[in-house]
Amino acid sequence: MTKTAASARSGHSDRDAWANKLELELVLVHSVPHELVNRVLKEVAEAVTETGQPAEELFGPAEEYAAVVATERVDARHRSALDFEGRTPATHFRQGMVAGGIAVLVMAVMGTFSGEELSGASALLLALSTSVFVAVGFAVFPALRAAGRTRTAWLYGAVAGVITAAGICLAAFPAIRHAHSFPFPPFAAAGCGVLLGALGLAIPARVVNRWFSPFEGHRLDDEQWLRRLGKLLYGRHGLPLRTAQQHVAEAREHLAATGRGAQQELGQVEIYAMNLTDGPGRDVQRLRHHFLGALSAMAVFAVLFTLTLLDPDGGSTASWVHLVLFVCSSGMAVALFRKMRAR
């Protein structure tokens, strides 16, 4: 192979790597519509072909160019539906259902090889209660928060917690734990995980968005508009509650001074909330949220690891799994903390 051919192939692979990274950033981080993603990739390919220069020299790093495209070329109505993580309620729900399904599948496999004897009734109760908990925790709760319905999200979380606790308590009763009325091996619980993932992928995004944001884009009276503003700032955009209340108070004072309606004076509430929170603060909120999530995961896996060590009947496999997960979540928390300190 000649040096020229090798150089051309290397340049082509670099361009493909940059384009792939740009596509991932646009789709996964900024939730840019697929039509615009395809148009941007086509424009990049044409510019690189015409000039003969690398894409990174023309457009800069893929992450920064993706942020520019998401800010300048995406319709404001579409961007206003995204939370501080760059996701819509439908994205949270669908990705959460898939992640929750994988979690149930892993737990089912661990239960199968743990060596613990469970009756069919106990295994079924544990599978159903766990599926409810992960579906709400992974999918429903974050989708409701992204829709600005934080109180409803906590209500669903509380109900899921009660259902899960009730299922675990019932499964632990001796009469149920040692009953052999019907066979239901722990591995059969994997079907619940597969069902969760299938539901997340099968339900169209527009249907999910209607479930969680039924009033999105609707005309509201002034009081409804102001209440909705506070919910969006606190839930969708992750502002502290006091800061969100201050913005609502300022908007209320402004409307009182002008004597005009909220929709007429300030526009659509979703777009107004987005404009208030645009900027570097959005990245800080995202890092803070991920850091708190990593800390929560550390606490959960630390408790699980301790319980498996203290349980004389606990399997060694489960304790090692919990230890590995604790170490991974700890590493993620440290990395996120460093990013927060660097800002």
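Quick look at the values:
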| read-out | value |
| --- | --- |
| Residue pairs meeting the criteria (Cβ under 8 Å; at least 6 apart or on separate chains; first under 19 Å from residue 151 (Cβ atoms), in region 207-221; second surrounded by fewer than 19 Cβ atoms within 10 Å (Cβ to Cβ) and not β-branched (Val, Ile, Thr)) | 220/263 |
| Identity of the residue in region 275-318, of a type in the set (Ser, Thr, Tyr) and modelled with pLDDT under 75, that ends up surrounded by the fewest Cβ atoms within 10 Å (Cβ to Cβ) | 316 |
| Residue ID - surrounded by the most Cβ atoms within 10 Å (Cβ to Cβ), chosen from residues in region 35-82 that are of a type in the set (Lys, Arg) and farther than 30 Å from residue 231 by Cβ | 39 |
| Within region 218-240, tally of residues that are open to solvent by less than 60 Å² (accessible area, probe 1.4 Å) and assigned to a helix (DSSP H, G or I) | 9 |
| Neighbours by Cβ (under 8 Å, 6+ apart or cross-chain): first from region 86-99, small (Gly, Ala, Ser); second assigned to a loop (DSSP other than H, G, I, E, B) | 86/30; 86/31 |
| Subset of region 83-98 (residues that are assigned to a helix (DSSP H, G or I), under 19 Å from residue 286 (Cβ atoms) and open to solvent by 40 Å² or more (accessible area, probe 1.4 Å)) | 95 |
| Enumerated helices (runs of 4 or more DSSP H) restricted to region 107-212, each holding at least 2 residues that are at pLDDT 80 or above and open to solvent by less than 30 Å² (accessible area, probe 1.4 Å) | 120-135, 141-146, 150-172, 190-202, 205-212 |
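The values are calculated or read from the model by the stated rules, or taken from the named source; none is laboratory data. Remember, predicted model here, so these are calculated numbers, not experimental data. FYI the Cβ positions are ideal-geometry reconstructions off the backbone, even for glycines, and counts take in every protein chain you see. Note: areas computed on protein heavy atoms with side chains; ligands, DNA, RNA excluded. Shrake-Rupley method; radii C 1.70, N 1.55, O 1.52, S 1.80 Å.
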